């Protein structure tokens, strides 16, 4: 499972809910961007 986060990655550490989700998805959280989508696809394809 991966999470595509629409919040800019630089802000992830500022909210408790984002930190909880980051742990919940085994730290497989990616920004909602083209590079983030590619990273998520790469993880899911394994």
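Please compute the length gained on full extension between residue 34 and residue 10, using 0.36 nm multiplied by the number of residues separating them and subtracting their Cα-Cα distance. Please report the intermediate quantities before stating the final value.
Details: separation 24, 0.36 × 24 = 8.64 nm, distance 1.66 nm.
Roughly 7.0 nm would be gained on extension.
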Taking a crude spin-label model, label points 7 Å out from Cα along the C-beta direction, the residue 1 to residue 20 distance in nm is 1.4 nm
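Counting each DSSP H run of 4 or more residues in the chain as -39500 (n - 2.57), what helix-only mean residue ellipticity at 222 nm follows after dividing by all residues, to the nearest 500 deg cm²/dmol?
Working: 2 runs with 21 residues, N = 46.
Mean residue ellipticity at 222 nm (helix-derived): -13500 deg cm²/dmol.
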Which label belongs to the value computed from this structure, given these candidates for Rg/Rh (Cα atoms, Kirkwood Rh): (i) 0.96; (ii) 1.04; (iii) 1.35? (i)
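So for the chain, averaging the separation of alpha carbon pairs under 8 Å that are six or more residues apart and normalising by length, what relative contact order in percent results? If you can, show how the numbers build up before the last one.
On the way: 45 pairs, mean separation 22.7, N = 46.
Value for the chain: 49 percent.
We did not get these values from a lab; they are worked out from the coordinates using the rules stated. Values in this document were obtained by computation on a predicted structure and should not be read as measured data. Reconstructed Cβ throughout: ideal geometry from the backbone, glycine too, with neighbour counts over all protein chains shown.
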